[in-house]
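Engineer: Pasting a structure below so you can have a look.
The values are calculated or read from the model by the stated rules, or taken from the named source; none is laboratory data. Since the model is a prediction, treat every value here as computed from it, not as a measurement. Heads up, the Cβs are rebuilt from the backbone with ideal geometry, glycines too, and the neighbour counts pull from every protein chain shown.
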Amino acid sequence: MRISRTVAYAISVLAAAALVAGCSSTGGSQTTGMTPGSGIGAAHHVGVPQHHSAQDAFIGAHAAPAIHPDHHKSWISPDIARAPRLYFGTDYGLGDVYVYTMPGMVLKATLTGFSGPQGECADAHGNIFIANTNTFQVLEYSRTGTLVNTFTDTYGYPVGCAIDPATGNLAVTDIFGFSGAGQVVVWAGANPSSTPTTLSNPSQYYYYFAGYGPGSSLWVDGRDSSGFYILSGCGASSCSTIPVSGGTINFPGAVQWDNTRSTWVVFDQSGSGGNDSYPISGSGVLGTPTAYMNYSGSSVCDIVQGVIAAHGHNYVAGGDYEYCGSATTTYDRWGYTGGGMPTNYATASSTYTTPIGAAISTK
């Protein structure tokens, strides 16, 4: 099912060349004047950009690609419903969402017509929620590729989401708002007809990824107005900072509750090992990191949003955006908590551009 491009086109006309980047830009790209990716204890401060564009809402740690929409029609394999586990991966540059079987990484569907698809999350029914950033929407799809619901975000640029397994609430992260700092937008029971609640931390400016844990606890990462990494814990009406110690998170990655091991896990898109995940205590102390590598054995360039498999399956799914490396961009499955090289991956060097979001649909 194609999504109307009217809003997306209007945004693309206004989009500037400014990019949110965690490393130096190349090819003549200009930055916004902020310094994303600054770690804990970074030595510099910069001002908050006064004007944002659609390109600024890119959540990868490296430069956003040129957008070249895939104008092909969506296709879905007739046997997709029989797969017990499906991995949905977004491609920001092409505006596609790919659906693979797990663990084999066999492509079963390509959904086209999105505009800036980024972070994802899944509910208990196996439905997938996709932040379609440039249309200010979160789109809910069935595991067989049918559009179920549309959530319109009137507060800012949606880039990620999380589903509370206890209540069914949908939390959406706006990287920034239309007039300033971002926020978390929560729809009770994932009901698109309800009036959502907004949550924010006065110390946080950019909101990237979110995860729900026990007791409907909600953790959200991002950056403050100076580019420093920040992690927030949110309650029913507001969020507050969780001080992070025992290490450095260089650029916000996924935030997950590992139910099998009963621990929070935070990902770093620009970790010392390339891309790392850390177990983290409720008091914010980082544990020993897990490093992820590409299929050739080199450090991954950027796993923008990884997802830990539920129900005791020991793997992480995510895309490898090979912006900095020489390897091919892939969609991958890694062992967890071991990391290392992927056990399975899917590649199409002439097709994939920018893997961003990851979500796993389980029957």
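Engineer: For the stretch 265-346, please list each of the strands (runs of 3 or more DSSP E) lying entirely inside it that holds at least 3 residues being more than 26 Å from Gly126 (Cβ to Cβ).
Structural biologist: The qualifying strands (runs of 3 or more DSSP E) are 274-280.
Engineer: From Thr150, Thr154, grab the single residue that is touching a Pro at 6+ places or on another chain (Cβ under 7 Å) and surrounded by fewer than 15 Cβ atoms within 10 Å (Cβ to Cβ).
Structural biologist: Testing whether each residue is touching a Pro at 6+ places or on another chain (Cβ under 7 Å) and surrounded by fewer than 15 Cβ atoms within 10 Å (Cβ to Cβ) leaves just Thr150.
Engineer: Something else about it: In this structure, does Gly338 turn out to be modelled with pLDDT of 90 or more, over 20 Å from the mean Cα position of the chain (by Cα) and over 17 Å from Phe209 (Cβ atoms)?
Structural biologist: yes
Engineer: Tyr229: part of a strand (DSSP E or B), at pLDDT 95 or above and within 15 Å of the chain's Cα centre (by Cα), yes or no?
Structural biologist: Here the answer is no, as Tyr229 does not meet what is asked.
Engineer: Within the stretch 263-272, track down each residue that is more than 16 Å from the chain's Cα centre (by Cα) and either surrounded by fewer than 14 Cβ atoms within 10 Å (Cβ to Cβ) or modelled with pLDDT under 95 (or both).
Structural biologist: Gly271, Ser272 - these are the residues of the stretch 263-272 that are more than 16 Å from the chain's Cα centre (by Cα) and either surrounded by fewer than 14 Cβ atoms within 10 Å (Cβ to Cβ) or modelled with pLDDT under 95 (or both).
Engineer: Further question: Which condition from (1) of a type in the set (S, T, N, Q); (2) surrounded by fewer than 20 Cβ atoms within 10 Å (Cβ to Cβ); (3) modelled with pLDDT under 95 is the one that Asn275 breaks?
Structural biologist: That leaves (2) as the condition not met.
Engineer: Note down all Cβ pairs under 7 Å where the first residue falls in the stretch 176-189 and is free of Cβ contacts under 8 Å to residues at least 24 places away in the same chain and within 23 Å of Ser225 (Cα to Cα), the second is aromatic (Phe, Trp, Tyr) and surrounded by 14 or more Cβ atoms within 10 Å (Cβ to Cβ), and they're at least six residues apart or on different chains.
Structural biologist: Correct list of pairs: Gly177/Tyr155.
Engineer: Restricting attention to the stretch 233-264, report how many residues are polar (S, T, N, Q) and either outside any loop (DSSP other than H, G, I, E, B) or within 15 Å of Thr288 (Cβ to Cβ) (or both).
Structural biologist: Residues in the stretch 233-264 being polar (S, T, N, Q) and either outside any loop (DSSP other than H, G, I, E, B) or within 15 Å of Thr288 (Cβ to Cβ) (or both): 6 in total.
Engineer: Return the only residue of Tyr278, Tyr352 being aromatic (Phe, Trp, Tyr), at negative phi, touching a Ser or Thr at 6+ places or on another chain (Cβ under 7 Å) and touching a residue at least 24 places away in the same chain (Cβ under 8 Å).
Structural biologist: Among Tyr278, Tyr352, only Tyr352 is aromatic (Phe, Trp, Tyr), at negative phi, touching a Ser or Thr at 6+ places or on another chain (Cβ under 7 Å) and touching a residue at least 24 places away in the same chain (Cβ under 8 Å).
Engineer: Return yes or no: is Tyr352 part of a loop (DSSP other than H, G, I, E, B), surrounded by 19 or more Cβ atoms within 10 Å (Cβ to Cβ) and not polar (S, T, N, Q)?
Structural biologist: yes
Engineer: Let me ask another. Scanning the stretch 241-262 for residues that are among the hydroxyl-bearing types (Ser, Thr, Tyr) and within 21 Å of the chain's Cα centre (by Cα), which turns out nearest to Pro214 (Cα to Cα)?
Structural biologist: Among them, the one singled out is Thr241.
Engineer: Name the residue that is farthest from the chain's Cα centre (by Cα), counting only residues in the stretch 81-121 that are among the β-branched types (Val, Ile, Thr) and surrounded by fewer than 24 Cβ atoms within 10 Å (Cβ to Cβ).
Structural biologist: The qualifying residue farthest from the chain's Cα centre (by Cα) is Val106.
Engineer: Just one of (1) modelled with pLDDT of 95 or more; (2) surrounded by fewer than 23 Cβ atoms within 10 Å (Cβ to Cβ); (3) farther than 20 Å from Asn201 by Cβ trips up Thr260, so point out which.
Structural biologist: Condition not satisfied by Thr260: (1).
Engineer: Is it the case that the stretch 131-145 has a residue that's aliphatic (A, V, I, L, M), surrounded by 24 or more Cβ atoms within 10 Å (Cβ to Cβ) and at pLDDT 95 or above?
Structural biologist: yes
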